[in-house]
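I'd like to ask you about the structure that follows.
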Amino acid sequence: MTIKDTPEEWEIRGTETPFTGNKTSVRTDDVVMPGGTVVRRDYQVHPGSVAVLALDDADRVLVLRQYRHPVRQKLWEIPAGLLDVPGENPLHAAQRELYEEAHVKAEDWRVLTDVYTTPGGCDEAVRIFLARGLSEAEGDRFEVEDEEADMELGRVSVEELARGVLAGELHNNCLVVGVLSLVAARSGDGLDALRPALSPWPARPFEA
């Protein structure tokens, strides 16, 4: 048996969008089940995101701490952001987020992993990059606002982050998946065997 996710689409008898927000919306589909029953499925429609696990020469990950209102917590995260434009190149978006949130640039980029954050209720797809060869970005710092104005930055060892994930102390999806994927890659074929930064991404196709 091949363990691999595959595309599939069940028949939809009707669809509506009861809510449209600034960046996302909610869609309701009437989906035909295998036995013929039609059921309603509500889910959030999301443009997609990118995240960056930026690893420095001291084996530390660039992290930030930000307030997240839906869960009423300040979470430690890795730089991340929305794909603001349909078809946007995810590598370019990741480079932008690393600059805007940390004023950092990187020389070496790889795809660490691709995930659906909550496929039972949202179609958000995230590409998590590994960025190495870090240095300070040129030019003025990006002007932050809202939650980002209260953001803290830090650099934490991979070992400490992995410990925090398994201890239930760190909860952000991209940080958890990114750190554990990094550990898995190192124990496997190594970081240089990761996919190139411009590898195809069927969940969010883009122009290379």
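Each reported figure results from applying straightforward, stated rules to the coordinates on display, with no laboratory input. Keep in mind that what you see is a predicted model, and the values were worked out from it rather than measured. For neighbour counting, all protein chains shown are included, and Cβ atoms are generated from backbone atoms with ideal geometry for every residue, glycine included.
Show me, for segment 189-200, the HN-Hα J-couplings you get by feeding each phi into the Karplus relation (A = 6.51, B = -1.76, C = 1.60, θ = phi - 60°), rounded to Hz, glycine and proline as x.
8, x, 5, 6, 8, 5, 4, x, 4, 9, 4, x
Follow-up question, since we're still on this one. HN-Hα J couplings of segment 178-186 from phi, Karplus 6.51/-1.76/1.60, θ = phi - 60°, integer Hz, Gly and Pro as x?
Karplus values, whole Hz, x for Gly and Pro: x, 5, 5, 5, 4, 4, 5, 4, 5.
Show the residues, 5+ positions off or on another chain, whose built amide H is closer than 5 Å to the amide H of residue 83.
The list, which skips near neighbours in sequence, is 48, 49, 50.
Charges on Cβ only, +1 for Lys and Arg, -1 for Asp and Glu, centred on the Cα centroid of segment 109-208; of 199, 172, 118, which one is farthest towards the dipole's positive end?
199
Compare the Cα positions of 208, 75, 103 along the charge dipole of the chain (+1 at Cβ of Lys, Arg; -1 at Cβ of Asp, Glu; about the Cα centre) and return the one farthest towards the positive end.
Farthest towards the positive pole: 75.
On a C-alpha basis, how far is the centre of segment 144-205 from the centre of segment 1-71 in Å? Whole number, if you could?
The two parts, judged by their Cα centres, are 19 Å apart.
Can you spot the lysines whose alpha carbon is less than 23 Å from residue 23's alpha carbon? Ignore those fewer than 8 places along the same chain.
Partners within reach: 74.
What are the aspartates and glutamates whose alpha-carbon lies under 14 Å from the alpha-carbon of residue 105, with same-chain residues fewer than 8 places away excluded?
56, 57, 97, 136, 138, 140
Long-range amide H contacts for residue 25: which residues qualify at under 5 Å (H placed 1.01 Å from N, peptide plane, sequence gap of 5 or more or a different chain)?
Those lying under 5 Å, H to H, from residue 25 are 45.
So which lysines can residue 4 reach, going by Cα to Cα under 21 Å and dropping same-chain residues fewer than 8 places off?
none
How much mean residue ellipticity at 222 nm does the chain get from its helices, if each DSSP H run of length 4 or more adds -39500 (n - 2.57) and you divide by all residues, to the nearest 500 deg cm²/dmol?
Details: 3 runs with 37 residues, N = 208.
Estimated from H runs of four or more residues: -5500 deg cm²/dmol.
Just to be sure I understand, if you calculate Kirkwood radius over Cα pairs in Å for this structure, which of (1) 19.3; (2) 17.3; (3) 18.6 do you get?
(3)
For segment 52-141, which GluC sites (Glu not before Pro) are both in a DSSP coil and crowded by at most 13 other Cβ atoms within 10 Å?
Details: sites: 77, 88, 97, 100, 101, 107, 124, 136, 138; in loops: 88, 124, 138.
The qualifying sites are 138.
Dipole size in debye (nearest 20) for the chain around its Cα centre, Lys and Arg Cβ +1, Asp and Glu Cβ -1? Show your work: numbers first, answer last.
On the way: 22 positive and 38 negative charges, 128 e Å.
For this selection, approximately 620 debye.
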